[in-house]
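Trainee: Before I ask anything, let me first share the structure, which is written out below as structure tokens.
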Amino acid sequence: MTTRIKLSRPLAEASGPVENTLKNDMMFHMVMARTSKGLKGLICALKGLREKDVRNVVLLNPISYGDYLQKEIIVDTLVELNNNEILNIELQVRKDPDWIKRSLLYLCRAYDNIRGEQKDFDRLKPTTHIGILDHDLFQEYPEFYAKYLLTNVKNGNVYTSIFGMNVLSLGRTELATEEDKANKLDYWAEVFRAETWEDLRRLAAQNRSVAEVAEAIYQVNADESARSILRARRKYEEVYTSAINGRARAEARLAEAKKELKTAKAERDAVVAERDAAQQALVEARAEIERLRARNRE
């Protein structure tokens, strides 16, 4: 029997498109900062844990509205799980050519969680960077939920299991494994991709964690201060994406120009080689004529 969760009246009556969905990275951070049950539910899905396994979740980078106005604010969600593990969860909807480098940098920063001149390495906590993407990280290897560790390239031996990278591709639910489905990761992917209040309400009615997330999404969308920040964030993303696409087009044009230049150089070299061969043949022909003339004179 499907669980039915009672929703607040405003959310129950909302209809039409959701202006700011959970795929907005700032919305994601705002919602996770507001919803302890929602954050816990998402972590359980990402880590394959039961709810009772999560004793404590601490958000390590809470951000105020004022912070959101900073130009280069990082809006990942950094949490400590059960006082002994670090998770850095980052939503990345747009394609970023530097994503792999960025995610590695964020993972290293999160792992470096001890400070001071004397390093007590026993205090280093297992750390995982979890990227939530709306596209394939590697188009030649599409996957719904991938997990990466440092391994020996010869024999596959794992260097360590306390330092890793997970990638969830929201648009690849058709590739979800039975384990992914058992952990409700495909269900959470639907939550991220829900674009109408009707879809969000349908999903929220099935799970208390998601119900809390849906309520928070509604509250943030109803807050004019938050909405103005989210609109500014969307505008920034549009400009950034346009710049990235412009760079990609410029790089494509440059690559095409280099290819044409290479072809032109090859054609030029072929012409020069043909000319040189013709000149050499002419020299040899003239030499042969002179040799024949000299023999006739004898």
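The values are calculated or read from the model by the stated rules, or taken from the named source; none is laboratory data. Given the structure is predicted, the values throughout are model-derived calculations rather than measurements. Here the Cβ positions follow ideal geometry from the backbone for every residue, glycine too, while neighbour counts run over all protein chains shown.
Trainee: Any idea how many residues of segment 99-125 are out of contact with any helix residue (DSSP H, G or I) (no Cβ under 9 Å at 6 or more places or on another chain) and under 21 Å from LEU150 (Cα atoms)?
Mentor: Restricting attention to segment 99-125, the residues satisfying the condition of being out of contact with any helix residue (DSSP H, G or I) (no Cβ under 9 Å at 6 or more places or on another chain) are 99-112, 115-123.
After this cut, where a residue has to be under 21 Å from LEU150 (Cα atoms) as well, the list is 99-112, 121-123.
Qualifying residue count, segment 99-125: 17.
Trainee: In segment 209-228, is there at least one residue being surrounded by 13 or more Cβ atoms within 10 Å (Cβ to Cβ), touching a strand residue (DSSP E or B) at 6+ places or on another chain (Cβ under 6 Å) and among the small types (Gly, Ala, Ser)?
Mentor: No, segment 209-228 contains no residue that is surrounded by 13 or more Cβ atoms within 10 Å (Cβ to Cβ), touching a strand residue (DSSP E or B) at 6+ places or on another chain (Cβ under 6 Å) and among the small types (Gly, Ala, Ser).
Trainee: Among the numbered criteria (1) free of Cβ contacts under 8 Å to residues at least 24 places away in the same chain; (2) under 19 Å from ARG193 (Cα atoms); (3) assigned to a loop (DSSP other than H, G, I, E, B), which single criterion is violated by PRO142?
Mentor: Every condition holds for PRO142 apart from (1).
Trainee: Out of curiosity, is ALA176 at pLDDT 95 or above, farther than 28 Å from ARG109 by Cα and either in contact with a strand residue (DSSP E or B) (Cβ under 9 Å, 6 or more places away or on another chain) or of a type in the set (S, T, N, Q) (or both)?
Mentor: Here the answer is yes, as ALA176 does meet what is asked.
Trainee: Considering only residues that are among the aliphatic types (A, V, I, L, M) and out of contact with any Lys or Arg (no Cβ under 9 Å at 6 or more places or on another chain), look in segment 211-247 and name the one that is modelled with the lowest pLDDT.
Mentor: Going through segment 211-247, the residues among the aliphatic types (A, V, I, L, M) turn out to be 211, 213-214, 216-217, 220, 222, 226, 229-230, 232, 239, 243-244.
Next, from what is left, pick out any that are out of contact with any Lys or Arg (no Cβ under 9 Å at 6 or more places or on another chain): 217, 222, 226, 229-230, 232, 239, 243.
Values: ILE217: 95, ALA222: 91, ALA226: 80, ILE229: 80, LEU230: 80, ALA232: 75, VAL239: 71, ALA243: 66.
Within segment 211-247, the match that is modelled with the lowest pLDDT is ALA243.
Trainee: Right, another one. Before we move on, is ILE132 buried (at least 19 other Cβ atoms within 10 Å of the Cβ) and either in contact with a Leu (Cβ under 6 Å, 6 or more places away or on another chain) or aromatic (Phe, Trp, Tyr) (or both)?
Mentor: yes
Trainee: Could you grab the pairs with beta carbons closer than 6 Å, sequence gap of 6+ or different chains, first residue in segment 156-171 and closer than 15 Å to ILE100 by Cβ, second one among the aliphatic types (A, V, I, L, M) and in a strand (DSSP E or B)?
Mentor: Close Cβ pairs satisfying both conditions: GLY164/LEU149; ASN166/ILE130; VAL167/ALA146; SER169/LEU133.
Trainee: Hey, among the residues in segment 28-41 that are touching a helix residue (DSSP H, G or I) at 6+ places or on another chain (Cβ under 6 Å) and among the hydrophobic types (A, V, I, L, M, F, W, C), which one's modelled with the lowest pLDDT?
Mentor: MET30
Trainee: Given ASP67, ASP53, ASP25, which one is charged (D, E, K, R), more than 18 Å from GLN219 (Cα to Cα) and at pLDDT below 90?
Mentor: Only one candidate passes the filter, namely ASP67.
Trainee: So which pairs qualify, if the first residue must be in segment 30-42 and within 17 Å of VAL54 (Cα to Cα), the second must be of a type in the set (Phe, Trp, Tyr), the Cβ gap must be under 9 Å, and the two must be at least 6 apart or on different chains?
Mentor: Within 9 Å, the pairs are GLY41/TRP188; LEU42/TRP188.
Trainee: Return a yes/no flag: does segment 182-198 have any residue that is assigned to a loop (DSSP other than H, G, I, E, B) and acidic (Asp, Glu).
Mentor: The answer is yes, given that some residue of segment 182-198 is assigned to a loop (DSSP other than H, G, I, E, B) and acidic (Asp, Glu).
Trainee: Another one. Give the residues of segment 75-102 that are part of a loop (DSSP other than H, G, I, E, B) and closer than 19 Å to GLU51 by Cα, sorted by residue number.
Mentor: Scanning segment 75-102 gives ASN82, ASN83, ASN84.
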